[in-house]
Structure formats: C-alpha cells, structure tokens
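A short worksheet on the structure shown next.
None of the figures in this text is laboratory data; all of them are computed from the coordinates on show. Predicted model, so just to flag it, every value in this text is computed and none were measured. FYI the Cβ positions are ideal-geometry reconstructions off the backbone, even for glycines, and counts take in every protein chain you see.
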Amino acid sequence: MSAEEEIRKASKQFYSALNKMVNGNTDPMGEIWLHEETSTAMHPIGGRDTGWNAVKQSFEQVAGLASDGNVELKDQLIHAAGELAYEIGIEAGHATLAGQKVSFNHRVTNIYQRKNGTWKMIHHHADISPAMLDVLNKLESEKGKR
C-alpha cells in the first residue's frame, strides 16, 4: 500500500471518529490521534490546544453539546514526505450543538505522522465557524445570567 493510500485510510478513520464525536462519542478519537505533547488542534470554535490531553478534552467538550451530526471531507488533497503527511480539503456538514442546528463548510488541514508503522493524526486545523461560535457564545451568555 502506498503512503497516500495509508493516509487516505487514516483520514477515513479520523472522519469516522469525528462523525461519532458530533454525535456525542469521543472514544474513537483516541485510536487515530498520536498521544503526545506534540499533538495540536485549532478547532472551528477557536483557540489552540497543545498536547493530546488538551486536544482530547476539547473534543469531549464539544461532544457533550453535540448530536445529530455528520461531517464529510471534500476536495481532499494528500501529500506525504517521509514520516509526515498532510491533507487539505473542505469539511462540510451539520450538527445540533446545544440544541441548535448549525451547518458548516470550512477549509481544513490535517497533519499525520507515521509512528511504529501506523499513521496517526498530530494536528487538525479548521477555519473558524461563525455559526458554531454564535451558539457557544449564546450558551455562555445564558450561563452568565443564571
């Protein structure tokens, strides 16, 4: 299997895990991510998470608010060089977040590293989603009123 085919397989695993996450289950994320301090994420809700524990926690926070979601990677482009590879594309989909339906269509970059013969995610970066931020800001505002 070529490196590109291996990355395509890892990407399918990541997006399967992401789809489970937007339906409340983060368990599969642990299988595709590299569990090291070098793992990072910049999610569509803003901020930057550094280290597997922080990345995992950010996915858990969103999963606690998410349901009825679906995410697809479109216009995928993969490039591998040695033990590192990246893919770019468009994440398109929808989810119910804190009871409100949101749709998204944003650019994404994922970086993978081959570790012990297996490609693992080490970085995920998506454009900011104004729709997601709006829902989270409203949720935060409602919390402040209590």
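Can you check what the net charge comes to around His35, using other residues whose Cβ is under 12 Å from the Cβ of His35 (Lys, Arg +1; Asp, Glu -1)?
Numbers: positive: Lys56, Lys115, Lys120; negative: Glu31, Glu36, Glu37.
So the environment of His35 carries a net charge of 0.
In whole Å, what are the Cα extents of segment 1-115 along the three principal axes, biggest one first?
Per principal axis, max minus min of the Cα coordinates gives 43, 30, 22 Å.
May I ask for the distance between the Cα centers of segment 110-145 and segment 1-67, given as a whole number of Å?
8
When we measure straight from the Cα of Lys9, which aspartates and glutamates land under 20 angstrom away, once same-chain ones fewer than 8 places off are left out?
Filter leaves Asp27, Glu31, Glu72, Asp75, Glu83, Glu87, Glu91.
Treating the angle as unsigned and between 0 and 90°, give the value, to the nearest 10°, between the Cα long axis of helix 52-63 and the longest Cα principal axis of the chain.
Between the helix axis and the principal axis of the chain, the angle is about 50 degrees.
Roughly what angle does helix 3-21 make with the longest principal axis of the chain, taking Cα atoms, 0 to 90 degrees, to the nearest 10?
Roughly 20 degrees, rounded to the nearest 10.
Could you work out the local net charge near Ala54, counting Lys and Arg as +1, Asp and Glu as -1, over the other residues with Cβ closer than 15 Å to its Cβ? List each step's numbers first, then the result.
On the way: positive: Arg48, Lys56; negative: Glu36, Glu37, Asp49, Glu60.
Its environment carries a net charge of -2.
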